[in-house]
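J.: The structure follows.
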Amino acid sequence: MSLSDAFKELTSRPARTVSGVGERVGDMPRVARWSLIALFVVSLYLMPWWPEVPLLGWLVDTPGTSFEGVITDKVVIYVLVALGLNVVVGLAGLLDLGYVGFYAVGAYTLGVLSSQHANLPWLLCVPIAVAVSMISGVVLGTPTLRLRGDYLAIVTLGFGEIIRISANNADWLGGSRGISKIAKPPNIGPLKFGILDAKPYFFLGLTIIIVVVFFLRRLEHSRVGRAWNAVREDEDAAELMGVNTFKFKLWAFAIGAAIGGLAGTLYAGKVRFINPSNFPLQLSILFLAAVVLGGTGNMWGAILGGAVVAWMPERFRNFADKRVFVFGVALVLVMVFRPQGLIPRKIRKERWLANWKPPQRTPQFGETGTGRG
Amino acid sequence: MSDWLIYRTFWDLTVTGVALGAIYALVALGYTLVYGVLRLINFAHSEVFMVGTFATLITATNFIGIPLIEEGNYPYRTGITLVAVLLACIVGGMVVSGAGAVLLERVAYRPLRGSGEHVGAVVLAFASAFTVSLIFTGSTRTNIIIGLVGTAPLAVLYLRIFRRGRSAPRLAFLISAIGASTAVAEAVAIWGPRDREQYQTSRVLEKRVLFEFLGTDVRIDYVLVIVGALLMLTALVLFVNRTRLGRGVRAVAQDVETARILGVNVDFVILVTFLLGGVMAGAAAMMFTLVYDQTRFNIGFLLGVKSFTAAVLGGIGNLRGALLGGLVLGLGENYGAALFGGQWKDVIAFVLLLTVLMFRPTGILGESLAKARV
């Protein structure tokens with residue numbers, strides 16, 4: 001086998017073999033499995049100290065900016081957003097190009113309730129912000145989800161732009177000056193959410209991500225998840241089989257919007273100052289790139305994609321003005337060589353399907369016995 | 001108060017709106033053609049337009065040698081010279097945009113369809129070697145040398161992988177187009193002589209008032225834009241409806257597999273589709289610089305989004321729909337801006353789109369490139 005053949009083999013392997021890690025962990029004894037997962041989670045919580053580990057540190061460190069800042073301000077936020085967008089794009093198969101709109105709705109709700117027009121505490125604002133984002137998802141989804149594919153894309157793109165321009169022009173929302181002095185999360189024991197130390201924000205964000213991942217995993221394997229699967233693969237067939245496609249698409253939109261809004265509150269609570277230029281249209285496209293880059297429809301892919309898209313430009317800051325160019329070229333190359341994304345969707349064999357055998361039919365009179373149906 | 005504004009300037013707004021709409025329509029044709037044939041949003045079409053504006057700029061200033069300012073005035077030309085300069089500019093824009101669109105198809109789309117070939121492999125190989133070298137050195141000359149050295153071995157490797165023969169999922173096309181679009185715009189911003197600044201273009205046409213229309217002065221550049229756009233559209237419709245190749249385009253739009261079985265060279269037809277879209281965008285680019293006298297590395301993005309909106313508004317995949325959508329969008333934006341204030345311009349465009357799609361889910365005229373009712 002020549003080198004190029006080997007490379008070809010490597011880049012075009014079918015989806016199933018790549019995602020063997022999860023299955024192998026799943027087959028381990030219970031104790032081993034849980035200790036492995038615990039080890040993984042602990043190492044994630046230790047991320048702010050990663051740059052001090054010898055080899056890993058050289059790999060991940062971001063020259064010019066603090067690594068801590070990058071993981072709290074960008075990586076955590078992008079991962080959360082990618083998780084939410086993955087519900088819409090990856091699970092339900094709806095192309096959303098205006099996801100930044102929901103992110104902005106979350107951030108602005110927190111801003112308005114905790115600084116601009118009221119003085120509510122952070123803990124109260126966040127659920128309200130999530131609910132408001134969810135409602136905005138339903139409001140946008142109700143008229144538009146009857147549209148198909150690419151029409152939906154352009155309409156959502158318009159929505160993202162409308163949110164930004166409205167925020168820019170409405171004095172009630174602070175206009176182009178934006179909103180400052182947004183509430184920060186309350187201190188929890190030794191975790192003090194101040195300006196100097198970014199670590200508490202990181203721990204908070206990571207915890208939220210783990211909760212969201214757990215929630216989404218349950219959802220993905222529930223009736224709702226199966227309905228999304230059906231809608232994504234063939235909407236007409238799903239409708240014929242009795243799936244209320246509109247309802248489930250709306251659910252996907254609402255849940256996606258809620259997670260986007262949650263990411264927005266996290267962002268606004270950390271930077272404590274937002275203005276409309278924080279939510280440009282390009283950010284939506286970056287979010288979508290994160291999901292597709294990681295692997296559409298695969299939660300671990302979305303996490304990886306979000307982390308890579310957020311971290312990579314900071315890692316290569318030493319050619320600061322050229323990093324966006326590099327990012328563009330990298331997008332093309334990844335799509336050309338791994339069109340399914342870095343971690344493709346696992347074509348999960350349902351357990352009942354793996355053990356299912358076609359029913360043995362006793363040959364009827366006049367049949368040879370080998371003929372089927 | 002703003003109500004009075006729209007009464008007083010209604011016909012003024014109409015003229016500028018129609019001219020703007022004509023430019024939208026020409027760019028929208030590129031989206032509509034590609035969508036009609038491949039069923040995908042050609043996200044990088046905006047950059048094809050942007051490259052066209054730079055081509056007209058370079059044709060006028062560098063090839064013909066017209067300065068920005070001459071003896072304190074604009075470098076106006078008259079008579080035959082003017083016509084020759086304008087023609088050279090539009091041809092320059094069309095050639096470069098057309099070539100750009102074709103190259104784009106080869107680099108960012110065809111490898112994903114599983115039938116990549118040499119041009120795409122070589123360009124991608126150069127781009128990847130060049131990009132990797134950026135990480136290690138800032139000298140542009142060294143980067144180019146490393147890029148060139150890396151091209152040959154990488155291209156051979158890429159070509160093997162490209163021909164895997166199965167098509168990627170639809171979202172992959174979208175992302176690779178977004179990547180290509182980002183890379184092109186950024187390349188202009190990084191290596192262009194004025195970086196991220198605005199470029200002025202030389203104003204060769206004196207923008208005189210040509211005639212009066214319902215109490216409004218109609219400037220000559222608007223007339224040129226509107227007439228030019230109509231001519232281009234007519235030529236395109238004739239091409240798609242009357243020629244053999246046009247029939248191929250319609251056949252592929254209807255059913256790719258059947259067309260292939262019946263002997264249509266599908267890859268060639270797709271190439272022609274991109275070429276046509278690029279040529280239209282090049283013409284639009286020249287008209288844009290004619291009216292606005294400027295360009296910039298990111299000029300394509302918003303205009304591209306608007307033009308795509310126009311294409312959807314009229315019914316994507318429908319050539320006549322692109323014209324109608326462009327005009328409706330241009331006019332709607334202008335009237336809306338006068339009514340509610342200029343800052344709401346983009347909001348109005350999208351609200352208009354939402355309203356139309358609610359009542360006519362496939363646009364004003366519906367999708368129809370395949371049905372040949374253009």
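The values are calculated or read from the model by the stated rules, or taken from the named source; none is laboratory data. The structure displayed is predicted, hence computed values, not measured ones. All Cβ positions, glycine included, derive from the backbone under ideal geometry; neighbour counts span all protein chains shown.
J.: Looking at (1) small (Gly, Ala, Ser); (2) surrounded by fewer than 22 Cβ atoms within 10 Å (Cβ to Cβ); (3) closer than 18 Å to B:Thr53 by Cβ, can you tell me which one B:Gly100 breaks?
T.: (2)
J.: Does B:Val237 count as in a strand (DSSP E or B) and either in contact (Cβ under 8 Å) with a residue 24 or more places away in the chain or not hydrophobic (A, V, I, L, M, F, W, C) (or both)?
T.: no
J.: Any chance you could count how many residues in the stretch B:99-124 are more than 10 Å from every other protein chain (Cβ to nearest Cβ) and not in a helix (DSSP H, G or I)?
T.: Number of matching residues: 2.
J.: Hey, among the residues in the stretch B:130-143 that are part of a helix (DSSP H, G or I) and farther than 20 Å from A:Arg315 by Cβ, which one's farthest from the other protein chains (Cβ to nearest Cβ)?
T.: B:Arg141
J.: Separate question: Considering only residues of the stretch B:155-201 that are of a type in the set (Val, Ile, Thr) and under 20 Å from the mean Cα position of the chain (by Cα), which is farthest from the other protein chains (Cβ to nearest Cβ)?
T.: Applying the filter and picking the extreme gives B:Thr201.
J.: Out of curiosity, is B:Thr289 surrounded by fewer than 19 Cβ atoms within 10 Å (Cβ to Cβ), of a type in the set (S, T, N, Q) and either away from chain A (no Cβ under 14 Å) or over 23 Å from the mean Cα position of the chain (by Cα) (or both)?
T.: Against the criterion (surrounded by fewer than 19 Cβ atoms within 10 Å (Cβ to Cβ), of a type in the set (S, T, N, Q) and either away from chain A (no Cβ under 14 Å) or over 23 Å from the mean Cα position of the chain (by Cα) (or both)), B:Thr289 does not qualify.
J.: Something else now. Among the listed residues B:Ile23, B:Ile41, identify the single one that is touching a residue at least 24 places away in the same chain (Cβ under 8 Å), hydrophobic (A, V, I, L, M, F, W, C), closer than 17 Å to B:Met280 by Cβ and within 14 Å of chain A (Cβ to nearest Cβ).
T.: B:Ile41
J.: Now for a separate question. Among (1) of a type in the set (Lys, Arg); (2) free of Cβ contacts under 8 Å to residues at least 24 places away in the same chain; (3) part of a helix (DSSP H, G or I), which single condition is B:Arg250 missing?
T.: Checking B:Arg250 against (1) of a type in the set (Lys, Arg); (2) free of Cβ contacts under 8 Å to residues at least 24 places away in the same chain; (3) part of a helix (DSSP H, G or I), the one that fails is (2).
J.: How about the stretch A:135-179: which of its residues are of a type in the set (Phe, Trp, Tyr) and under 15 Å from A:Gly260 (Cα atoms)?
T.: Once the filter is applied, which keeps residues that are of a type in the set (Phe, Trp, Tyr) and under 15 Å from A:Gly260 (Cα atoms), the stretch A:135-179 yields only A:Phe159.
J.: State whether one or more residues within the stretch B:58-65 are surrounded by fewer than 24 Cβ atoms within 10 Å (Cβ to Cβ), within 14 Å of another protein chain (Cβ to nearest Cβ) and not in a helix (DSSP H, G or I).
T.: No: zero hits.
J.: Follow-up question, since we're still on this one. Mind listing whichever residues of the stretch A:291-314 are facing another protein chain (nearest Cβ under 10 Å) and either in a helix (DSSP H, G or I) or out of contact with any Lys or Arg (no Cβ under 9 Å at 6 or more places or on another chain) (or both)?
T.: A:Val291, A:Val292, A:Leu293
J.: For B:Thr216, are the conditions met, namely being away from every other protein chain (no Cβ under 11 Å) and within 22 Å of B:Gly52 (Cα to Cα)?
T.: No; evaluated as a whole, the condition is false for this residue.
J.: Being in contact (Cβ under 8 Å) with a residue 24 or more places away in the chain, facing chain A (nearest Cβ under 10 Å) and either within 21 Å of B:Thr289 (Cα to Cα) or of a type in the set (A, V, I, L, M, F, W, C) (or both) narrows it down to one residue among B:Ala127, B:Ala152; which is it?
T.: On inspection, the qualifying residue turns out to be B:Ala127.
J.: Does the stretch B:220-241 contain at least one residue that is at pLDDT below 80 and of a type in the set (Asp, Glu)?
T.: Within the stretch B:220-241, not a single residue is at pLDDT below 80 and of a type in the set (Asp, Glu).
J.: While we're here: Could you run through the stretch B:275-300 and say how many residues are assigned to a helix (DSSP H, G or I), out of contact with any His (no Cβ under 9 Å at 6 or more places or on another chain) and closer than 25 Å to B:Thr182 by Cα?
T.: Within the stretch B:275-300, residues that are assigned to a helix (DSSP H, G or I), out of contact with any His (no Cβ under 9 Å at 6 or more places or on another chain) and closer than 25 Å to B:Thr182 by Cα number 14.
J.: Taking the stretch A:258-284 as the region of interest, how many residues are surrounded by fewer than 24 Cβ atoms within 10 Å (Cβ to Cβ), within 23 Å of A:Leu331 (Cβ to Cβ), within 14 Å of chain B (Cβ to nearest Cβ) and at pLDDT 85 or above?
T.: The qualifying residues number 2.
J.: Same structure again: If the Cβ limit is 6 Å and pairs must be 6+ apart or interchain, which residue in the stretch B:284-303 that is touching a residue at least 40 places away in the same chain (Cβ under 8 Å) and closer than 20 Å to A:Leu281 by Cβ pairs with which residue that is of a type in the set (S, T, N, Q) and surrounded by fewer than 24 Cβ atoms within 10 Å (Cβ to Cβ)?
T.: Pairs that qualify, where the first residue is touching a residue at least 40 places away in the same chain (Cβ under 8 Å) and closer than 20 Å to A:Leu281 by Cβ and the partner is of a type in the set (S, T, N, Q) and surrounded by fewer than 24 Cβ atoms within 10 Å (Cβ to Cβ), are B:Arg296/B:Gln198.
J.: Same structure again: Select from the stretch A:58-98 the residues that are farther than 30 Å from A:Leu147 by Cα and of a type in the set (S, T, N, Q) and list them in ascending order.
T.: Passing the criteria: A:Thr62, A:Thr65, A:Ser66, A:Thr72.
J.: Looking only at the stretch A:86-104, decide whether some residue is within 17 Å of A:Gly269 (Cα to Cα), of a type in the set (Gly, Ala, Ser) and either under 23 Å from the mean Cα position of the chain (by Cα) or buried (at least 23 other Cβ atoms within 10 Å of the Cβ) (or both).
T.: yes
J.: Please find, within the stretch A:187-222, the residue that is surrounded by the most Cβ atoms within 10 Å (Cβ to Cβ) out of those that are among the aromatic types (Phe, Trp, Tyr) and part of a helix (DSSP H, G or I).
T.: Residue satisfying both the conditions and the ranking: A:Tyr201.
J.: Also: Find the residue count for the stretch A:156-174, including only residues that are without any contact (Cβ under 8 Å) to a residue 40 or more places away in the chain and either of a type in the set (Val, Ile, Thr) or facing chain B (nearest Cβ under 10 Å) (or both).
T.: Matching residues across the stretch A:156-174 total 2.
J.: Follow-up question, since we're still on this one. Any residue in the stretch B:341-370 that is more than 8 Å from chain A (Cβ to nearest Cβ) and of a type in the set (Lys, Arg) sitting within a Cβ distance under 9 Å of a residue that is assigned to a loop (DSSP other than H, G, I, E, B) and crowded, with 19+ Cβ neighbours inside 10 Å? List the pairs, counting only those 6 or more apart or interchain.
T.: Listed pairs, sorted by first residue: B:Arg360/B:Gly315.
J.: Here's something else I'd like to know. Filter the stretch A:171-186 down to the residues that are assigned to a helix (DSSP H, G or I) and buried (at least 18 other Cβ atoms within 10 Å of the Cβ) and list them by number.
T.: Listed by number, the list holds a single entry, A:Leu173.
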